[in-house]
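**Q** The structure's right below; bear with me while I get my questions together.
The values are calculated or read from the model by the stated rules, or taken from the named source; none is laboratory data. What you are looking at is a predicted structure, and each value in this text was computed from that prediction instead of being measured. Cβ coordinates were reconstructed from backbone atoms using ideal geometry, including for glycine residues, and neighbour counts include every protein chain displayed.
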Amino acid sequence: MQTVLLVIHLLLALALVGVILIQRSEGGGLGIGGGGAGAGFMTARGAANALTRATAWLAGLFMVTSIALAIIASRGAAPQAQRSILDQPTAPASSVPAAPSVPVAK
């Protein structure tokens, strides 16, 4: 189950990177080229809206798979790893001061 979810997670990551890179940025970037309105089956605004929605869906699915992988990983961890750092016992501090060092004469 974890392997299948991890593969889906990686595919979502690649798709998310791809969709983000083909969007038109404020400066032009790698945006969708292709001419004026009506050049193709979608207008520029329609393509931008579709890419924005695709980005939102892919980002949401990526977050869901991230959380699911974290839950699966925490359930498979050893009981020692599930405890808090504050729950672990600490070594008591030594109450005896260190003896002063005396230089040795030669």
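**Q** Being modelled with pLDDT of 90 or more and aliphatic (A, V, I, L, M) narrows it down to one residue among 39, 70, 77; which is it?
**A** Of 39, 70, 77, the one residue that is modelled with pLDDT of 90 or more and aliphatic (A, V, I, L, M) is 70.
**Q** Is the range 81-99 home to any residue that is of a type outside the set (Gly, Ala, Ser) and either surrounded by 10 or more Cβ atoms within 10 Å (Cβ to Cβ) or at pLDDT 95 or above (or both)?
**A** Yes, the conditions are met somewhere in the range 81-99.
**Q** Somewhere in the range 14-32, is a residue part of a helix (DSSP H, G or I), in contact with a helix residue (DSSP H, G or I) (Cβ under 6 Å, 6 or more places away or on another chain) and modelled with pLDDT of 95 or more?
**A** yes
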